[in-house]
Amino acid sequence: MRQRNIGDVILDVRNISLAFGGVKALQSISFDVREHEVRAIIGPNGAGKSSMLNCINGVYHPQEGEIVYKGEVRRDMDTHHAAESGIARTFQNLALFKGMSVLDNIMTGRNLKMKTGILAQALHFGPARAEELREREFCEHVIDFLEIQPYRKTPVGRLPYGLQKRVDLGRALAAQPQVLLLDEPMAGMNVEEKQDMCRFVLDINDEFGTTIVLIEHDMGVVMDISDRVVVLDYGKKIGDGTPDEVRNDPEVIRAYLGAGH
Amino acid sequence: MSGLPPVTADTFPRLLAHHAKVRGARPAMREKDLGIWQTFTWRQVADEVRAIACGLAAQGLKRGDHIAIIGANRPWVYWTIAAAQSIGAIPVGLYQDAIASELVYVFQNAEITHAVVEDQEQVDKVLEIKEQAGLIAHIYYDDPRGLRHYSQPELTAFEKLRAIGREYDAANPGFFDAEVAKGKSSDAASMFYTSGTTGHPKGVVHTYAALIDRARVGCEMEGLSDAEEVLAYLPPAWIGQNIFSYAQALVAGFCVNCPEAAGTVTSDMREIGPTYYFAPPRVYENLLTSVTIRMEDASRIKRGLFKYFMGVAERVGGRLLDGQAVGLPDRLMYWLGDLTTYGPLRNVLGMSRVRVAYTAGEAIGPDLFRFYRSLGINLKQLYGSTETAVFVCVQPDGQVSAETVGPPVAGVELKIADNGELLIKSPGLLREYYKNPAATAEVLTNDGWYHSGDAGIIDAHGHLRIIDRAKDVGRLANGAMFAPKYIENKLKFFPFIKEAVALGDRRDMVSAFINIEMEAVGNWAEKRGITYSGYVDLGSQPAVRDLIRECVEKVNADLAREEKLADSQIRRFIILHKELDADDGELTRTSKVRRGFIGEKYGPLVEAIYGGRDEQFIETQVKFEDGRVGKVSATLRIMDAKTFPAARKAA
């Protein structure tokens, strides 16, 4: 059995509202994320899940509400600040550099940790060289962790989808995040790939203590691996609690599974 | 040979000590870790082995105990084998993909108290059987990932074991050397469990004398020195891997390289460039398939070049390798081909430096065999088994053919029994099956002959030819000989057929189940614009059925030409809806078909074939890798194949 060591609230989302013109994507959403936990956001298509993640890492700027991250209250986040303060993410539709190798893609996730100037890097000179060797070693640990050694030098575009998802995760991991946002990490995968991905998510959580916020459609997966679940529906929060609590919540059942169930 | 260690080094720990002394700074092992090859010298290896051995002793492992080792090809696996042997314990390698129930028997049979395993997956498996297996007291794991929260008292990190060992060594400085000195060449060195097509696996006990003698004979025959490089990529639990990457490495003092992961073997092989190589026919076949597929996608110029020069190679390459006379123009063309085609191709295959390449285990297709030899790769066949510590027959350079496995090597005597079974006398024979005197008596008779269970023929040149397992050779209803494996092999030589099962014992005709080779057939179908959704769908395409029918009919034409086998032509066949799999019990762990089991499992299909029906519905249970069970079902078409009249004997 997994022993958990859940800490204090690391990320607190308070009364977030986001609208695109007349479309109210999120309406006064509040929830918190505790350190070291696996927190899932679920909901039907268009419920506002991805919008929520985009607010957390500063891609969208909510019109109302505030985000408290590591005790610091912010009106909204910006992407650079989010990345620098330890939030990394993966993307629903993959945003990898298709022509670059797996290793290079993962190295890009390391970019923020590199301090030498662009000129020194381009010339691969002195401290830049030492730095690259150091960062490369870290990326090799990520490659080892995700078991993608056979594809180290393969251009990402040539890999099957399930592996690309893994590379995407690898790039996020390379940033050594405290909070990892996963946008549908298992979408479009077969059963075996899903199992692998679940194992990686749990291992990341176990080995590095990374806090994980994930959006997922596969209810089996969500119920198995998350500690707590937020349920959104049409931009509103309709449930929040442990998988068991959420599963038995009549409103969640109605919204998520449809009236027939 | 001057390079080999003195015969006084008659146990593996002593051989290790010898190499640490005479070539302490030379590489003994390499491992690719974090993308970089890390080297361990003989001195470092000796040092690690010493620490592990002392650690195991401190943890209570005693002389004569068995220790289980479950892991992929990593240096620690080989170090642990040597460490256990240093203190007189007997290492038992187990396959990583063995399921829990298979482990229970072995753990009970060998009374295993200590197990060294690779990772969480293996730890979980051993913990799962702890209650049933009873005696297991210590489990050491190499990779701590996922095990952070495990609190079972049996668990110790391998790292920790080494630290314990170093302390113990410091406190008892004379212990290790005294233990190594106690070992005798007649002691049991290792135990190997045979997969066994029926019943429980049997533990084959080999002495140091047997393993070292066979390893030495192999080294002497091929002139192996400490300059060889080998790639350890087959399961360490298999005796062949133990001989090629442990016993022979310790005899000749050469370097063993461990690939980074199972998926990187091809590129790691390219980087290392082994000089001594073993692979079962299946691996050579997969390599050729991937070359063929890549050539089909290559540019027209490259394709043309490949086709032309492969023609030259077929004519000339084998003869050159055998040292036969070849005319100057042909030599010149071959040289040109080597420059443009064979050289680069050998490089892609990672075989640029291969001096000796072996294959064994199954019959190898003549075309396949010729392909590698024509490229200038010295591929040879050998014959042996777990019970004979591998080396029984080896083809010497210049006397190579696809049909035989060569003459007996030094020290071996062969005899064919009246029932056609091959009998062997060799210094490399097993001592016994562990705790199974009945089985031992069955194969090892008092007159010293080992009953191999293989049906063989010794030809006029003294070369051995294996036909089938003696017990599998059956009779058709009309009394004609039926050698199923012989037929299956002929089928499997086609790139489109992955696996075949021939049926016909005590029946009036021969029929076959066939597994298509997904990659090759899929590619073939794509080229013809045939769409398919998956394995079952692909196999049921009419065009694919016709393709397979053509293969079957070619085999029939072949069989018709052979005197005793004309009646064995395949009348009917079925393309199966699932791949035969060891997890479902259809194959052994070493990928041999379990014919009897398949006959029962697919009973309805067998009935349909012999009942003259055209199609049959079947539902089959499948086991997934995580242990869950599912079902696949399909309605399969039974195909008829053309047969040919038996060729008349030439007058």
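The values are calculated or read from the model by the stated rules, or taken from the named source; none is laboratory data. Predicted model, so just to flag it, every value in this text is computed and none were measured. Neighbour counts run over all protein chains shown; Cβ positions are idealised from the backbone, glycine included. Heavy atoms of the whole protein, side chains included, go into the accessibility calculation; ligands, DNA and RNA do not. Shrake-Rupley method; radii C 1.70, N 1.55, O 1.52, S 1.80 Å.
Could you tell me which of the residues B:169, B:177 is in the same structural domain as residue B:252 (by TED's automatic domain parsing) and open to solvent by 50 Å² or more (accessible area, probe 1.4 Å)?
B:177
Of all residues being among the basic types (Lys, Arg) and within 13 Å of chain A (Cβ to nearest Cβ) in the stretch B:111-162, which is nearest to residue B:79 (Cα to Cα)? Just the residue, please.
Here the answer is B:145.
What is the residue count in the stretch B:372-388 for residues that are out of contact with any Asp or Glu (no Cβ under 8 Å at 6 or more places or on another chain) and within 25 Å of residue B:257 (Cβ to Cβ)?
The total comes to 9.
Please tell me if residue B:558 is charged (D, E, K, R), touching an Asp or Glu at 6+ places or on another chain (Cβ under 8 Å) and open to solvent by less than 70 Å² (accessible area, probe 1.4 Å). Let's see the steps before the verdict.
Working: charged (D, E, K, R): yes; touching an Asp or Glu at 6+ places or on another chain (Cβ under 8 Å): no; open to solvent by less than 70 Å² (accessible area, probe 1.4 Å): yes.
Judged against the criteria, residue B:558 is not a match.
I need every pair where a residue in the stretch A:16-31 that is of a type in the set (D, E, K, R) has its Cβ under 7 Å from the Cβ of a residue that is open to solvent by less than 30 Å² (accessible area, probe 1.4 Å) and not in a strand (DSSP E or B), sequence separation at least 6 or different chains.
Every condition considered, the pairs that remain are A:24/A:235.
Every residue, every condition in (1) farther than 14 Å from residue B:78 by Cβ; (2) open to solvent by less than 20 Å² (accessible area, probe 1.4 Å), yes or no:
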| position | (1), (2) |
| --- | --- |
| B:184 | yes, no |
| B:203 | yes, yes |
| B:235 | no, no |
| B:241 | no, yes |
| B:257 | no, yes |
| B:264 | yes, yes |
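Is at least one residue of the stretch B:358-371 surrounded by fewer than 22 Cβ atoms within 10 Å (Cβ to Cβ), in a strand (DSSP E or B) and without any contact (Cβ under 8 Å) to a residue 60 or more places away in the chain?
The answer is no, given that none of the residues of the stretch B:358-371 is surrounded by fewer than 22 Cβ atoms within 10 Å (Cβ to Cβ), in a strand (DSSP E or B) and without any contact (Cβ under 8 Å) to a residue 60 or more places away in the chain.
Since residue A:132 meets every condition but one in (1) open to solvent by 50 Å² or more (accessible area, probe 1.4 Å); (2) over 19 Å from residue A:87 (Cβ atoms); (3) within 14 Å of another protein chain (Cβ to nearest Cβ); (4) within 21 Å of the chain's Cα centre (by Cα), which condition does it not meet?
Every listed condition holds for residue A:132 apart from (4).
Could you tell me which of the residues B:405, B:392 is touching a residue at least 12 places away in the same chain (Cβ under 8 Å), over 30 Å from residue B:560 (Cα atoms), of a type in the set (A, V, I, L, M) and crowded, with 20+ Cβ neighbours inside 10 Å?
Going through B:405, B:392 in turn, the sole match is B:392.
Please specify each residue of the stretch A:141-161 satisfying the condition of being within 14 Å of another protein chain (Cβ to nearest Cβ), part of a helix (DSSP H, G or I) and either surrounded by fewer than 16 Cβ atoms within 10 Å (Cβ to Cβ) or touching a helix residue (DSSP H, G or I) at 6+ places or on another chain (Cβ under 8 Å) (or both).
Residues of the stretch A:141-161 that are within 14 Å of another protein chain (Cβ to nearest Cβ), as a first pass: A:141-154, A:158-160.
With the extra rule that they be part of a helix (DSSP H, G or I), the set shrinks to A:141-145, A:149-151, A:158.
A:141, A:142, A:143, A:145, A:149, A:150, A:151, A:158, listed by residue number.
Go through the stretch B:498-521 and give me each residue that's in a strand (DSSP E or B) and charged (D, E, K, R).
Across the stretch B:498-521, the qualifying residues are B:498, B:499.
Could you look through the stretch B:266-299, keep only residues that are closer than 15 Å to residue A:149 by Cα and crowded, with 20+ Cβ neighbours inside 10 Å, and pick out the one that is nearest to the other protein chains (Cβ to nearest Cβ)?
This residue is B:268.
When you check residue A:93 against the structure, is it polar (S, T, N, Q), more than 15 Å from the chain's Cα centre (by Cα), away from chain B (no Cβ under 14 Å) and open to solvent by 10 Å² or more (accessible area, probe 1.4 Å), yes or no? Walk me through it before giving the result.
On the way: polar (S, T, N, Q): yes; more than 15 Å from the chain's Cα centre (by Cα): no; away from chain B (no Cβ under 14 Å): yes; open to solvent by 10 Å² or more (accessible area, probe 1.4 Å): yes.
No: the conditions fail for residue A:93.
Can you tell me which of B:564, B:554, B:592 is modelled with pLDDT of 90 or more and either in contact with a Cys (Cβ under 7 Å, 6 or more places away or on another chain) or not small (Gly, Ala, Ser) (or both)?
Values: B:564 fails: modelled with pLDDT of 90 or more; B:592 fails: modelled with pLDDT of 90 or more.
Unique residue meeting the criteria: B:554.
Go through (1) open to solvent by 40 Å² or more (accessible area, probe 1.4 Å); (2) of a type in the set (S, T, N, Q); (3) facing another protein chain (nearest Cβ under 9 Å) for residue A:176 and report which single condition fails.
Going through the list (1) open to solvent by 40 Å² or more (accessible area, probe 1.4 Å); (2) of a type in the set (S, T, N, Q); (3) facing another protein chain (nearest Cβ under 9 Å), residue A:176 breaks only (3).
Hey, could you check the stretch B:589-624 for residues that are closer than 25 Å to residue B:194 by Cβ and not in a helix (DSSP H, G or I) and say which is least open to solvent (accessible area, probe 1.4 Å)?
Filtering the stretch B:589-624 for residues that are closer than 25 Å to residue B:194 by Cβ and not in a helix (DSSP H, G or I), the one least open to solvent (accessible area, probe 1.4 Å) comes out as B:593.
With the condition kept exactly as written, say whether any residue in the stretch B:475-483 is crowded, with 20+ Cβ neighbours inside 10 Å and either free of Cβ contacts under 8 Å to residues at least 40 places away in the same chain or farther than 19 Å from residue B:644 by Cβ (or both).
Checked against the condition, which is being crowded, with 20+ Cβ neighbours inside 10 Å and either free of Cβ contacts under 8 Å to residues at least 40 places away in the same chain or farther than 19 Å from residue B:644 by Cβ (or both), the stretch B:475-483 yields no hits at all.
Considering only the stretch B:625-651, state which residues are closer than 15 Å to residue B:576 by Cα, polar (S, T, N, Q) and surrounded by 11 or more Cβ atoms within 10 Å (Cβ to Cβ).
Answer for the stretch B:625-651, where residues must be closer than 15 Å to residue B:576 by Cα, polar (S, T, N, Q) and surrounded by 11 or more Cβ atoms within 10 Å (Cβ to Cβ): just B:633.
Would you confirm whether any residue within the stretch B:136-145 is open to solvent by less than 60 Å² (accessible area, probe 1.4 Å) and over 25 Å from residue B:85 (Cβ atoms)?
The answer is yes, given that some residue of the stretch B:136-145 is open to solvent by less than 60 Å² (accessible area, probe 1.4 Å) and over 25 Å from residue B:85 (Cβ atoms).
Name the one entry in A:14, A:4 that is within 14 Å of another protein chain (Cβ to nearest Cβ), within 28 Å of residue A:243 (Cα to Cα) and either open to solvent by 50 Å² or more (accessible area, probe 1.4 Å) or among the hydroxyl-bearing types (Ser, Thr, Tyr) (or both).
Just a single option satisfies the conditions, and that option is A:4.
Name every residue in the stretch B:342-357 that is closer than 16 Å to residue B:287 by Cβ, open to solvent by 10 Å² or more (accessible area, probe 1.4 Å) and either polar (S, T, N, Q) or under 21 Å from the mean Cα position of the chain (by Cα) (or both), in order of residue number.
Across the stretch B:342-357, the qualifying residues are B:347, B:352, B:354.
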